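Beneath this line is the structure, given in structure tokens, with notes to follow.
The values are calculated or read from the model by the stated rules, or taken from the named source; none is laboratory data. Just so it is clear, the model here is predicted, and its values are computed rather than measured. Cβ coordinates were reconstructed from backbone atoms using ideal geometry, including for glycine residues, and neighbour counts include every protein chain displayed.
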Amino acid sequence: MSSSSQPVPRDPLSPAEATWDGRTGDDGPAHGQERKLHRHLGYWRLAGIGLGDIIGSGWLFAAMYAARIAGPLSLLCWLAGGALAALVALVMVDLGSSRPEAGGTVRWPLYANGPLVASMLGWAVLLAVGANAAEVAAIVQYLAHWRPQLYNGSRLTWSGVGLALVITVLLGVLNALGVRLFARLNLLITVVKLVVPVLTVVLLLLAARFEPRRLTEHGGFAPYGWSAGLTALSVGGIVYAFNGFQSPVEFSGEVRDPRRDVPRSVLTGLALAVLLYLGLQLTFLAAVPERALTHGWRGVDFDSPFAELALLLNLHWLSMVMYADAVLSPGGSALVGLAATARRTYALAKNGTLPRWFMRVDAGSGIPRRALLLNLAITAMFLAPLGGWQDIVSTLGDLLLMVYATSAVAARTLRPADPATGAGRVPAMRWVAPLAFVVATLFVYWSAWHRLRVTVPLTLLGLPLFWVTRRGEPAARLLRELRKGAWLIVWLLALLTFSAVGGFGGGNLVPKPYDSLAVGGCGLAVFFWGVRSGRRHLAETAG
């Protein structure tokens, strides 16, 4: 079959493929659960979901951590992070509008590259559920202003972890009540929590009397070198702060008109987020007092950055507003995050990565409550060992980037070669998809060796888990799936190897910038390998 006549993935699968997908046709168990989802979401509620997920704990902390790592260069880091998010957003829009499905980010790799890739990515997605813990940790960290016993040094105390668990359960209960109530509540919270950071930017800039020379003092615009800006993207929380722009895509199976509303809601939320985060970074750079810069930007340390800056500038009422919003903003983001990840976990059960028990959708509320319950447990597990906002986001940021990268492969694979067929919404996907994959690959690499040596092996654990969950299948079939997914394994191993010998925390055997050039070239080659493998997979399943 030619690429221009590839099957639409939402159609019934062949009998050989159906056992991997968890359904046997339009009347299969997966479709039965899919029909229980309620299509109540329109543009405004969907845009509120996207923006509500983005504006969480990132605005409270990321500006300080980015400044500590890169100094004033952090301003350009936000533009770079926004550019990556825009590339991935185009990929997500293309897939979400043409193939709307709850938890689509873990369904599309199954359609495009088969069960091995879907299982390994699904394992990474399941671990990335822990990102919700960062939002809850941010709430407790700001509450420590009134109850210092909740936070000690750079992590939550045991009493802080206990309070975080209570908050997590409360957010889960609100999610379980139904998608319509959730969307209305989130839209109200989003409007309120958007006002506070905007007010913070305006009032702190006026009170600080910003002078442009601040950006070139204390070591210059790039006091720790230009490569520090690359590290700030992941470790500083910039990539994490933009995470959430894809949330409307996860709800595409519950949208009245996904082809119209998914693209508009994703791009609206992302554009507003870029403007807001740039303003917040400039505000932080302007408002830090000179006495806090005795040891340069790396010596700046606040438990509650913007609230403490407001106190130093005698804006006590604004500080109190920010402490209150520090509960609302990450709380609202965690509310959306738990809802979005519940759809992904539900989709993992459809894929067969998780037991079918988690695929059950409650008919009354339209919520996959069992998937939600599993996500609450995973979020709780991440609170105790990590305990601090930066520890959580820097550990999980790479997992999110891996999801973005594999979505780019799926977008190019599933798009027919003949654009006249009308698949997708982005006409430039021929170059957007490989560029998004390469940039995501570089961002993962720039997060440095001490992070990758943890996250890459964690992701590779998905390979033995795949063999365990499919141990009853014929060996020949498992080996065939291994060949289809070999590109993903090679990509992960190459990232780990380059990180070990490169200039970002590794042995520096391949110095900058040659290491980044090599990683980018490798990423481009792996992308086209993944697409070719996916096209062969589609041809086999269509036959």
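Of note:
- When restricted to residues that are under 24 Å from M92 (Cα atoms), crowded, with 24+ Cβ neighbours inside 10 Å and not aliphatic (A, V, I, L, M), region 124-156 contains 2.
- Counting the residues of region 485-521 that are more than 20 Å from T231 (Cβ to Cβ) and surrounded by fewer than 20 Cβ atoms within 10 Å (Cβ to Cβ) gives 5.
- Verdict on A363 being at pLDDT below 85, in a helix (DSSP H, G or I), more than 22 Å from the chain's Cα centre (by Cα) and over 30 Å from D303 (Cα atoms): no
- Criterion applied to G507, G503 was being more than 30 Å from R356 (Cβ to Cβ), free of Cβ contacts under 8 Å to residues at least 60 places away in the same chain, out of contact with any Phe, Trp or Tyr (no Cβ under 8 Å at 6 or more places or on another chain) and not in a helix (DSSP H, G or I), and the one residue passing it is G507.
- Residues located in region 141-169, provided they are part of a strand (DSSP E or B) and of a type in the set (A, V, I, L, M): L156
- Per the listing T455, T541, the residue uniquely over 21 Å from G352 (Cβ atoms), surrounded by 15 or more Cβ atoms within 10 Å (Cβ to Cβ) and in contact with an Asp or Glu (Cβ under 7 Å, 6 or more places away or on another chain) is T455.
- Subset of region 75-104 (residues that are among the hydroxyl-bearing types (S, T, Y) and farther than 11 Å from A411 by Cβ): S97
- Every pair of residues 6+ apart whose Cβ atoms lie under 8 Å, when the first sits in region 527-543 and is over 17 Å from L116 (Cβ atoms) while the second is modelled with pLDDT under 95 and hydroxyl-bearing (S, T, Y): A542/S14; G543/S14
- Of all residues in region 172-212, exactly one satisfies the criterion of being basic (K, R) and at pLDDT 80 or above, namely R209.
- Of all residue pairs spaced 6 or more apart or on separate chains, those with beta-carbon atoms under 9 Å, a first member in region 201-222 that is surrounded by fewer than 16 Cβ atoms within 10 Å (Cβ to Cβ) and a second member that is part of a loop (DSSP other than H, G, I, E, B) are G219/G296.
- Complete set of residues in region 89-101 that are over 14 Å from G50 (Cα atoms) and in a helix (DSSP H, G or I): L90, V91, D94, L95, S97, S98
- Residues located in region 285-309, provided they are within 30 Å of the chain's Cα centre (by Cα) and either closer than 21 Å to A144 by Cα or among the acidic types (D, E) (or both): V300, D301, F302, D303, S304, P305, F306, A307, E308, L309
- Positions within region 289-300 being free of Cβ contacts under 8 Å to residues at least 40 places away in the same chain and in a loop (DSSP other than H, G, I, E, B), in sequence order: P289, T294, H295
- Of residues in region 338-369 being in contact with an Asp or Glu (Cβ under 6 Å, 6 or more places away or on another chain) and surrounded by 23 or more Cβ atoms within 10 Å (Cβ to Cβ), the one farthest from P248 (Cα to Cα): R343
- Those residues of region 484-524 which are within 24 Å of E540 (Cα to Cα) and over 25 Å from the mean Cα position of the chain (by Cα), in sequence order: K484
- Pairs meeting the criteria (first residue in region 260-275 and touching a residue at least 12 places away in the same chain (Cβ under 8 Å) and within 10 Å of A89 (Cβ to Cβ), second residue hydroxyl-bearing (S, T, Y) and part of a helix (DSSP H, G or I), beta carbons under 8 Å, at least 6 apart or on different chains) are P263/S97.
- Taking region 452-483 as the range and being part of a loop (DSSP other than H, G, I, E, B) and more than 23 Å from R536 (Cβ to Cβ) as the test, the residues that pass are L461, R471, G472.
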